[in-house]
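Undergrad: Attaching a single structure in structure tokens format; questions to follow.
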There are 4 protein chains.
Amino acid sequence: MLRQRLVICSVVALVVSALVYALNVSTPTAVAQPDPGSRAGSSAQPGTALSSQDISLEQARAAVDAAVAKSREMNVKMNIAVVDAGGNLKGFARMDGAWLGSIDIAQKKAKTARYFDMPTGEVGKLSQPGKPLYMIEVSNQGLITFPGGVPIRTQGDVVIGAIGVSGSTVENDDAVARAGAGAVK
Amino acid sequence: MLRQRLVICSVVALVVSALVYALNVSTPTAVAQPDPGSRAGSSAQPGTALSSQDISLEQARAAVDAAVAKSREMNVKMNIAVVDAGGNLKGFARMDGAWLGSIDIAQKKAKTARYFDMPTGEVGKLSQPGKPLYMIEVSNQGLITFPGGVPIRTQGDVVIGAIGVSGSTVENDDAVARAGAGAVK
Amino acid sequence: MLRQRLVICSVVALVVSALVYALNVSTPTAVAQPDPGSRAGSSAQPGTALSSQDISLEQARAAVDAAVAKSREMNVKMNIAVVDAGGNLKGFARMDGAWLGSIDIAQKKAKTARYFDMPTGEVGKLSQPGKPLYMIEVSNQGLITFPGGVPIRTQGDVVIGAIGVSGSTVENDDAVARAGAGAVK
Amino acid sequence: MLRQRLVICSVVALVVSALVYALNVSTPTAVAQPDPGSRAGSSAQPGTALSSQDISLEQARAAVDAAVAKSREMNVKMNIAVVDAGGNLKGFARMDGAWLGSIDIAQKKAKTARYFDMPTGEVGKLSQPGKPLYMIEVSNQGLITFPGGVPIRTQGDVVIGAIGVSGSTVENDDAVARAGAGAVK
């Protein structure tokens with residue numbers, strides 16, 4: 001019973017916070033979900049399978065390559081991970097001398113960005129003490145909720161995967177991740 | 001309204017902390033990465049293996065011995081772990097009567113210090129609520145971000161491993177870890 | 001009586017397998033360790049750091065690219081992982097349509113090959129029921145001991161990492177892994 | 001219910017196999033337990049605490065040092081772990097160039113040897129397919145049941161810890177472990 005209540009409270013809090021958040025945030029990466037018609041996994045008719053889109057290896061590599069190029073330009077050493085629409089690892093590269101601890105963090109950032117279809121830093125704003133998603137990080141075998149993970153979208157705004165970058169300040173991580181995501185059309 | 005304020009406060013706190021962080025970070029072990037030339041893993045030519053350095057068992061033992069000697073001098077009972085350049089356990093000693101719970105913590109401290117090439121306490125400053133690396137501890141199958149882990153460097157400033165100490169106050173843990181790391185030249 | 005027989009049979013089987021094992025092991029990748037001088041991590045003098053070599057990102061990519069090319073040639077869909085000398089992930093690619101369950105297996109194969117500096121299939125021969133390394137798979141948070149993981153060596157025979165491939169039969173996995181490892185000089 | 005039955009069956013099988021085993025085996029390291037009076041943890045009177053003995057750091061180091069010396073003599077590269085009477089890590093050393101995968105195995109061997117107060121190879125005889133302890137390896141967060149782990153006893157035959165060695169053939173591992181254990185008086 002207690003667990004049920006907690007789950008219900010949690011869902012309510014999530015919905016409320018999403019609404020509040022939508023009112024306050026006006027960046028293009030807001031929590032508010034886009035038109036359902038433009039998302040992967042929409043179904044035209046009952047009884048038919050969902051039609052979806054997913055990132056290709058070629059696209060994943062383009063994202064990784066763009067992120068590596070951006071990192072070199074910024075003189076930072078990064079771990080770069082790309083996950084597909086299912087949140088599963090698709091591509092990965094660790095630059096020479098990059099932090100070992102960032103192997104896992106880059107992957108968790110990519111996973112987190114796709115699991116909630118928003119930049120990881122947006123989740124992090126809601127997971128601080130006293131905020132609606134406090135301690136969400138312990139779910140899903142570990143989430144990372146600071147900047148550096150961003151969804152990868154098609155031009156039609158369908159999320160087909162995500163990129164996670166770790167190895168420097170969160171500002172640098174985020175900049176490199178956006179450069180990587182931007183390389184996928 | 002309250003919730004709106006919390007969200008706004010959170011954003012403000014994040015911005016402020018980022019600024020404070022930007023102003024405070026000036027130690028050589030800061031998040032900002034040092035001169036690439038001074039790090040292990042540099043490659044002279046494309047297509048060739050990286051030339052690197054690693055801690056020897058003899059060096060690991062020198063670190064452990066110095067840490068035990070320092071602990072006795074301070075009248076504390078410690079767990080002491082040393083990892084190599086790859087973050088893998090190289091040496092370990094638990095002093096008689098030292099906390100059992102510190103076996104894992106000492107190892108996680110050493111791992112954390114090597115994974116990010118900085119003292120664990122530096123990571124911890126950035127992982128507090130509202131700070132850029134909040135909840136980083138859930139990554140890498142568990143990190144420890146309070147003091148007591150420090151990188152082990154060659155005289156040429158190449159990180160060849162790290163030492164983690166646990167068994168007393170974090171100040172004492174840190175002092176013993178530094179004594180251990182200092183014994184390696 | 002039956003149980004006594006089983007125990008005796010087991011002892012006999014163990015002795016026989018040990019003998020068979022002793023007779024069979026003669027490949028260069030056998031359990032018997034090669035000339036110490038040819039391994040990474042040798043130290044010229046006491047008290048100094050070990051001089052070692054590690055795989056570069058460029059080399060890791062060359063291995064992944066060669067593995068992808070070989071997979072296309074064989075008309076199979078693979079997950080390909082490359083780890084460095086410390087056993088930490090360096091590069092990864094999942095071909096379009098490749099098994100999701102092989103993401104983890106490819107990484108565990110690469111880890112296993114580096115952890116014991118031999119092809120995973122060699123470990124697997126020794127981990128069968130009644131063989132010397134029976135159930136070694138439960139160690140190291142999971143090892144994979146069927147073919148598809150091979151060490152990556154320099155021309156000087158120093159192990160600088162390993163590649164793990166998963167997505168088809170173990171024979172195909174192994175062929176692709178060897179093609180990948182062979183691309184690194 | 002099924003689970004209860006399985007547990008009961010398992011306990012019965014364990015007792016039966018221990019008896020059978022005691023009849024068949026005549027080595028000094030048999031499963032049959034020695035005189036209770038000679039074991040750690042005996043209690044003279046009801047209501048009083050157990051009087052026990054435990055390995056000291058100095059003893060653990062003597063064991064590790066003897067194992068390293070023996071390894072050098074045999075020209076093998078080993079991981080060596082020592083656990084105390086509680087099965088918790090007390091000392092560890094990885095020789096330069098030793099297998100990374102053996103870090104965990106050496107520790108699991110030491111743990112296994114102390115958890116059952118017998119050499120790991122003895123447990124392994126009983127864990128083969130069709131044998132009473134089949135698949136016991138998945139318990140206790142991973143056991144290793146091939147040779148290389150042996151209990152460390154006082155001259156009064158009290159088990160005060162165990163040593164686990166991994167890095168070569170199981171015969172070599174076992175020989176080095178016995179050399180280590182034999183250095184503790």
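The values are calculated or read from the model by the stated rules, or taken from the named source; none is laboratory data. All of these numbers come straight from a predicted model, not from anything done at the bench. Note that each Cβ is placed from the backbone with ideal geometry, even for glycine, and that neighbours are counted across all protein chains shown. With ligands, DNA and RNA removed, areas are computed over all heavy atoms of the protein, side chains included. Shrake-Rupley method; radii C 1.70, N 1.55, O 1.52, S 1.80 Å.
Undergrad: Tell me which of these residue A:170 doesn't satisfy, since it passes every other one: (1) at the interface with chain B (Cβ under 10 Å from one of its Cβ atoms); (2) in contact with a strand residue (DSSP E or B) (Cβ under 9 Å, 6 or more places away or on another chain); (3) open to solvent by less than 20 Å² (accessible area, probe 1.4 Å).
TA: Among (1) at the interface with chain B (Cβ under 10 Å from one of its Cβ atoms); (2) in contact with a strand residue (DSSP E or B) (Cβ under 9 Å, 6 or more places away or on another chain); (3) open to solvent by less than 20 Å² (accessible area, probe 1.4 Å), the lone unmet condition for residue A:170 is (2).
Undergrad: Just name the residue that is farthest from the chain's Cα centre (by Cα) out of those in the range B:144-157 that are farther than 20 Å from residue B:127 by Cβ and either of a type in the set (Ser, Thr, Tyr) or open to solvent by less than 20 Å² (accessible area, probe 1.4 Å) (or both).
TA: B:154
Undergrad: Taking the range D:44-73, which residues are more than 11 Å from chain B (Cβ to nearest Cβ), among the hydrophobic types (A, V, I, L, M, F, W, C) and under 22 Å from residue D:169 (Cα atoms)?
TA: Residues satisfying the conditions are D:63, D:66, D:67, D:69.
Residue by residue, here is whether (1) closer than 13 Å to residue C:152 by Cα; (2) without any contact (Cβ under 8 Å) to a residue 60 or more places away in the chain; (3) open to solvent by 10 Å² or more (accessible area, probe 1.4 Å) holds:
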site: C:61; (1), (2), (3): yes, yes, yes
site: C:65; (1), (2), (3): no, no, yes
site: C:70; (1), (2), (3): no, no, yes
site: C:74; (1), (2), (3): no, no, yes
site: C:89; (1), (2), (3): no, yes, yes
site: C:95; (1), (2), (3): no, no, yes
site: C:105; (1), (2), (3): no, no, yes
site: C:122; (1), (2), (3): no, no, yes
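Undergrad: For the range B:74-129: of the residues being more than 14 Å from the chain's Cα centre (by Cα) and part of a helix (DSSP H, G or I), which is nearest to the other protein chains (Cβ to nearest Cβ)?
TA: B:103
Undergrad: Right, here's the next one. If I filter the range A:50-59 down to residues being open to solvent by 50 Å² or more (accessible area, probe 1.4 Å) and in a loop (DSSP other than H, G, I, E, B), which single residue comes out as farthest from residue C:96 (Cα to Cα)?
TA: Here the residue is A:50.
Undergrad: May I pose another question? Is it the case that some residue within the range C:45-54 is at pLDDT 50 or above and aliphatic (A, V, I, L, M)?
TA: Checked against the condition, which is being at pLDDT 50 or above and aliphatic (A, V, I, L, M), the range C:45-54 yields at least one hit.
Undergrad: Restricting to the range B:173-185, what's the tally of residues that are surrounded by fewer than 23 Cβ atoms within 10 Å (Cβ to Cβ) and outside any loop (DSSP other than H, G, I, E, B)? Before the answer, list the steps.
TA: Our first condition is that a residue be surrounded by fewer than 23 Cβ atoms within 10 Å (Cβ to Cβ); within the range B:173-185, this holds for B:174-175, B:178-179, B:182-183, B:185.
From the residues that got through so far, the ones that are outside any loop (DSSP other than H, G, I, E, B) too are B:174-175, B:178-179, B:182.
Of the residues in the range B:173-185, 5 are surrounded by fewer than 23 Cβ atoms within 10 Å (Cβ to Cβ) and outside any loop (DSSP other than H, G, I, E, B).
Undergrad: Could you grab me the full set of residues in the range B:141-159 that are β-branched (Val, Ile, Thr), farther than 17 Å from residue A:105 by Cβ and part of a loop (DSSP other than H, G, I, E, B)?
TA: Keep residues of the range B:141-159 that are β-branched (Val, Ile, Thr), which gives B:144-145, B:150, B:152, B:154, B:158-159.
Pick out the ones that are also farther than 17 Å from residue A:105 by Cβ and you get B:150, B:152, B:154, B:158-159.
B:154, B:158 - these are the residues of the range B:141-159 that are β-branched (Val, Ile, Thr), farther than 17 Å from residue A:105 by Cβ and part of a loop (DSSP other than H, G, I, E, B).
Undergrad: In addition: Answer with yes or no whether residue A:118 is touching a Ser or Thr at 6+ places or on another chain (Cβ under 8 Å) and crowded, with 24+ Cβ neighbours inside 10 Å.
TA: So residue A:118 fits the description; yes.
Undergrad: Residues to consider are A:82, A:165, A:123, A:176; find the one that is under 24 Å from residue C:60 (Cα atoms), in contact with a Leu (Cβ under 8 Å, 6 or more places away or on another chain) and of a type in the set (A, V, I, L, M).
TA: Answer to the check: A:82.
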